[in-house]
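Worksheet for the structure shown next.
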Amino acid sequence: MEDDRIIELFWNRREEAIEAAQAAYGAYCLSIARRILPSPEDAEECVNDAMLALWNSIPPNQPEHLSLYLGRIIRRNAIDRLRRENAQKRGGREAEIALNELEETLAAAGTPEEVLEKKELAAAVSGILRTFRETERNIFIRRYWFLDTVPEIADRFGLTTGQTAMILSRGRKKIAKILKKKGWIE
């Protein structure tokens, strides 16, 4: 079913809207949640929570791209759950490692979630990413949106882990430099 039709079902408060969203994007949401959360059960519960959040947010919101909108909800929910579960310990989970890398880049502006939720800053970061070469941009997105591991990204793009880590490091530095220059961070 097309996104416009699914959104229309939500606007009309039709229960089949959740079923349609689940059918269209359930696997996508589950893959995002599984990347972040260690427990498959937690990931499935997070997807259910995201569907409820989608129900509660449409209306009033009317997203242009349902997959991106829902992806942002599921990612935020999963990260919040991970942080709650790991409040007393710092683990080596890939999601936490990736978030810590970004937090170092954007440290003065708050946590990555707080920063990226600000529309203007999100637009600035998006604009900066558009200046990256396509491969670099895709590597950056695989790491910080999909939370792939560095070895997974290296395999995907035919690079060494060292090359991949260097591309990510340079990307973070480039973003930080531009954001500092524009006054977004100190």
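No lab work stands behind these numbers, since they all come straight from the coordinates. No experiment lies behind these values; they were computed from the predicted model shown. Neighbour counts run over all protein chains shown; Cβ positions are idealised from the backbone, glycine included.
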For the pair ARG156 and ARG133, the simple spin-label estimate (label points 7 Å beyond Cα toward Cβ) gives in nm 1.8 nm
Which number do you get for Rg(Cα) / (2.2 N^0.38 Å) in the stretch 3-85?
-> 1.04
Residue order, fewest to most surrounding Cβ atoms within 10 angstrom, among ILE178, ILE74 | ILE178, ILE74
Would you mind counting up the charge near LEU9? Only other residues with Cβ under 14 Å from its Cβ, with Lys and Arg at +1 and Asp and Glu at -1.
-> -4
